[in-house]
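The values are calculated or read from the model by the stated rules, or taken from the named source; none is laboratory data. Everything numeric in this text was worked out from a predicted model, so none of it was measured. Methodologically, a virtual Cβ is constructed for each residue, glycine included, from the backbone with ideal geometry; neighbour enumeration extends over all protein chains shown.
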Amino acid sequence: MIVEAHGSHSPRPLGVSDPALKEGSVGWTRPKTIRLVSAETPMTLELGGRIGPVDVEYETYGVLSEARDNVVFVAHALSGDAHAAGWDREAQGAGRPWRATSPGWWDFMIGPGKAIDTTKYFVICPNVLGSCYGTTGPSSPDPTTGTPYGLRFPKVTIGDWVDLHARLLDALGIERLWAVVGGSVGGQQALEMALRFPDRVARAVVMSASTRLSAQGLSFNAVGRTCILADPNFAGGDYYGGKLPASGLASARMLAHITYLADGDMHEKLGRRLQAGTSGPGEGFGNEFAVEGYLDQQGRSFVERFDANSYLYVTRAMDYYDASVWGGGDVTEACRRMKARMLILSFASDWLCPPESCRALALALIKSGGKVTYANVPSQDGHDSFLFASEMTERMVSGFLSF
Amino acid sequence: MPPSLPHDPRIDPGLLAERDVERLPPGLFEWRVAEVVQIASTRRERGHARPAANLRWQDDVIVREIQPGVRVLDLGCGNGQLLERLQRERQIRGQGIEIDATAVLTATTRGVSVFQADLSQGLSWFPDDSFDVVVLEETLQTLAQPRLMLGEMLRVGRRGIVSFPNFAHWRVVVDLVAHGRMPVTERLPYHWYDSDNIHPFTLQDFLDWVDTSNARIVAGHSFSDGAVRALRPEDNLHAEEVLVVVERT
């Protein structure tokens, strides 16, 4: 679905029409930060690096039951954050103005009476290691120098993210999850959590995700990183405080954004129309077509809210992920570890993680003896379909979670 | 007539105990002459909308046939009604396969695990003996390759439960003979080109398959005129619907 980019409006006036007071909203949210790894005892990472201290930003919605058994863990995708639902009252002051005009990234899914019903479940959503939304990442200060890590930040994996999230659950006194839910890289986190901690995950919902990226998926990530690395402002990753590698990051986002959409939807919404204000063909190489203007806007707004180094680290973590390592290269063997009931959803118009690849994961699960629900949801919104309200997606998730 | 109806001493007698209503059709000559005349002289309206198939009797029988706690695969499970009942009343470990996304959704809201897939490719993804019982409830005659699926059923599970409309039922036969067109009955209401039943077959056809396969019948039930009873040799003509439990030999 093609929507207005973040940050393109001035903040909505607050008052009686507070969006957070609307029925079904979790309301005003406040991010929390917790130190999970100290500087003295750093965390050892899968690829051999060590990191400490590590802070994690997370949000929670709903009420933790006395038995601490109603926890739904929500994992965000590549450029996501801990703000999954509701409205962030401190958005402006915290330097996140885009949040003032839109609710959390999965607001249609999480809230009272919604698919992930916050009157029943206690929802936790943390920001991943290496990202730039409050959890330690390459833009955080390196304790040895006091300046941002930049490329001295160690390489991280999805396994590291999940390990860190398990530490978060430990810190919150939560032994076992009612469910873990995510789409795209969030879906891979859900899968990894069910593999890595089989006794801690009762249910897992994996949307628009497979066991690993295809060669095509790796390629798109590679081109995106090339754009960033080739930006003259990149300066080996030490651009903080100076000119940002904005054009590189924007180009990376433009490319990636195309892979999240479906051609049919782009054609329907933007087609071959010319930009408003363009007199006709032949003006030059700027934004002549509406689709160019749209992508340009996507790129620009992304630069305002994401860090180029984080983009390198997070896409690399995606690249490295391969769930089959739990089975010595065999996905079915890997799935034998799992104890969770699984819901796998693919989306018909997703060509980045096509239905066949999600189905292959579901088949491996079923082959391993697991209980699996798999459905291919009709959609026009491409890979990003899981981010847009759909009756089928919402009812599948709420139905699956209630048993 | 059918060669091999079940009298196997290894079968739990409780399994075959007759809880069903006994109602045998009357003798052939006094047999609903009026109805035969009526079928022969009038052509029924063909249905357009698909009526909700009343599979209740089959579900009831299947629930009785299935032992508690077993692993059950339901092929073409629709909206998961049977599996939900089996999970509740028999505490089985169930898995369904269904092609229709909306049916998968309904099954999910019932707490039933369903894999959305087309059965025409077989069940190659399941290893041998993945299940104790495989159910093909009113599904076999809708498949492109029924024999493939029967073989797969007994590979993936030790037991199979197969139910189907019997195309040799006397009403169907009379209708076909009298009108020379594909029969229309209450249970088979579609035009030949609208019907999901692309492989119509009879009870005798099915028994022939059993004889040529590594399978034997362990229980059978028939449905006609609203009553369910144990399968009998004359049922090729008398049964509207048949439910058979087969086992790999």
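Residue by residue through the range B:196-233, note down the ones that are surrounded by 15 or more Cβ atoms within 10 Å (Cβ to Cβ) and assigned to a loop (DSSP other than H, G, I, E, B).
Residues satisfying the conditions are B:N197, B:H199, B:P200, B:F201, B:T202, B:S213, B:L231, B:R232.
Among the residues of the range A:342-355, is any away from chain B (no Cβ under 11 Å), at positive phi and buried (at least 22 other Cβ atoms within 10 Å of the Cβ)?
Checked against the condition, which is being away from chain B (no Cβ under 11 Å), at positive phi and buried (at least 22 other Cβ atoms within 10 Å of the Cβ), the range A:342-355 yields no hits at all.
What pairs come up if the first residue lies in the range A:279-290 and is of a type in the set (D, E), the second is exposed (fewer than 13 other Cβ atoms within 10 Å of the Cβ), and their beta carbons are under 8 Å apart, counting only those six or more places apart or on different chains?
Pairs found: A:E288/A:P281.
Give the residues of the range B:54-80 that are away from chain A (no Cβ under 11 Å) and either at positive phi or among the polar types (S, T, N, Q) (or both), sorted by residue number.
The answer is B:N54, B:Q58, B:Q67, B:G69, B:G76, B:G78, B:N79.
Residues that are more than 10 Å from every other protein chain (Cβ to nearest Cβ) and modelled with pLDDT of 95 or more: find the strands (runs of 3 or more DSSP E) completely inside the range B:81-146 holding 3 or more of those.
Filter on the range B:81-146 gives B:131-137.
Looking at the range A:312-339, which of its residues are out of contact with any Gly (no Cβ under 8 Å at 6 or more places or on another chain) and within 14 Å of chain B (Cβ to nearest Cβ)?
Once the filter is applied, which keeps residues that are out of contact with any Gly (no Cβ under 8 Å at 6 or more places or on another chain) and within 14 Å of chain B (Cβ to nearest Cβ), the range A:312-339 yields A:D330, A:V331, A:T332, A:K339.
Assess whether A:A209 counts as being touching a strand residue (DSSP E or B) at 6+ places or on another chain (Cβ under 9 Å), hydrophobic (A, V, I, L, M, F, W, C) and either surrounded by 20 or more Cβ atoms within 10 Å (Cβ to Cβ) or within 30 Å of A:L345 (Cβ to Cβ) (or both).
Working: touching a strand residue (DSSP E or B) at 6+ places or on another chain (Cβ under 9 Å): yes; hydrophobic (A, V, I, L, M, F, W, C): yes; either surrounded by 20 or more Cβ atoms within 10 Å (Cβ to Cβ) or within 30 Å of A:L345 (Cβ to Cβ) (or both): yes.
Here the answer is yes, as A:A209 does meet what is asked.
So how many residues does the range A:373-403 have that are buried (at least 23 other Cβ atoms within 10 Å of the Cβ), of a type outside the set (S, T, Y) and under 17 Å from B:G94 (Cβ atoms)?
2
Restricting to the range A:67-78, count the residues that are buried (at least 23 other Cβ atoms within 10 Å of the Cβ) and not in a strand (DSSP E or B).
2
Scan the range A:364-391 for residues that are hydrophobic (A, V, I, L, M, F, W, C), within 17 Å of the chain's Cα centre (by Cα) and either part of a helix (DSSP H, G or I) or within 14 Å of chain B (Cβ to nearest Cβ) (or both) and report the count.
Step one: filter the range A:364-391 for residues hydrophobic (A, V, I, L, M, F, W, C), giving A:364-366, A:372, A:375, A:377, A:386-389.
Still in the running and within 17 Å of the chain's Cα centre (by Cα): A:386-389.
Going one step further and asking which of them are either part of a helix (DSSP H, G or I) or within 14 Å of chain B (Cβ to nearest Cβ) (or both), we end up with A:386-387.
Going through the range A:364-391 one residue at a time, the tally reaches 2.
Among the residues of the range A:270-284, count how many are surrounded by fewer than 16 Cβ atoms within 10 Å (Cβ to Cβ) and either under 27 Å from A:S385 (Cβ atoms) or not polar (S, T, N, Q) (or both). Walk me through it before giving the result.
Kept after step one, since they are surrounded by fewer than 16 Cβ atoms within 10 Å (Cβ to Cβ), are these residues of the range A:270-284: A:271-273, A:276-277, A:279-284.
Add one more test, that the residue is either under 27 Å from A:S385 (Cβ atoms) or not polar (S, T, N, Q) (or both), and what stays is A:271-273, A:276-277, A:280-284.
Number satisfying all stated conditions: 10.
With respect to A:S139, is the statement that it is assigned to a loop (DSSP other than H, G, I, E, B), touching a Cys at 6+ places or on another chain (Cβ under 6 Å) and touching a residue at least 60 places away in the same chain (Cβ under 8 Å) true?
Values: assigned to a loop (DSSP other than H, G, I, E, B): yes; touching a Cys at 6+ places or on another chain (Cβ under 6 Å): yes; touching a residue at least 60 places away in the same chain (Cβ under 8 Å): yes.
Taking the combined requirement at face value, the residue satisfies it.
Which one of these does A:A77 not meet: (1) under 15 Å from the mean Cα position of the chain (by Cα); (2) modelled with pLDDT under 95; (3) not aromatic (F, W, Y)?
Going through (1) under 15 Å from the mean Cα position of the chain (by Cα); (2) modelled with pLDDT under 95; (3) not aromatic (F, W, Y) one by one, A:A77 breaks only (2).
Does B:M182 satisfy the condition of being part of a loop (DSSP other than H, G, I, E, B) and either more than 21 Å from the chain's Cα centre (by Cα) or surrounded by 18 or more Cβ atoms within 10 Å (Cβ to Cβ) (or both)?
yes
I need the full set of residues from the range A:165-193 which are touching a residue at least 12 places away in the same chain (Cβ under 8 Å) and surrounded by fewer than 24 Cβ atoms within 10 Å (Cβ to Cβ), in order please.
The initial filter retains those residues of the range A:165-193 that are touching a residue at least 12 places away in the same chain (Cβ under 8 Å), namely A:165-169, A:171-193.
Answer for the range A:165-193, where residues must be touching a residue at least 12 places away in the same chain (Cβ under 8 Å) and surrounded by fewer than 24 Cβ atoms within 10 Å (Cβ to Cβ): A:A166, A:R167, A:L168, A:L169, A:A171, A:L172, A:G173, A:I174, A:E175, A:R176, A:W178.
Quick check on the range A:156-169. Is at least one of its residues outside any helix (DSSP H, G or I) and at pLDDT 95 or above?
Yes, that holds for at least one residue.
Can you name every one of the helices (runs of 4 or more DSSP H) wholly within the range A:260-363 that holds 2 or more residues which are farther than 30 Å from A:L401 by Cβ?
In the range A:260-363, A:263-269, A:290-305, A:308-320 are the helices (runs of 4 or more DSSP H) which contain 2 or more residues that are farther than 30 Å from A:L401 by Cβ.
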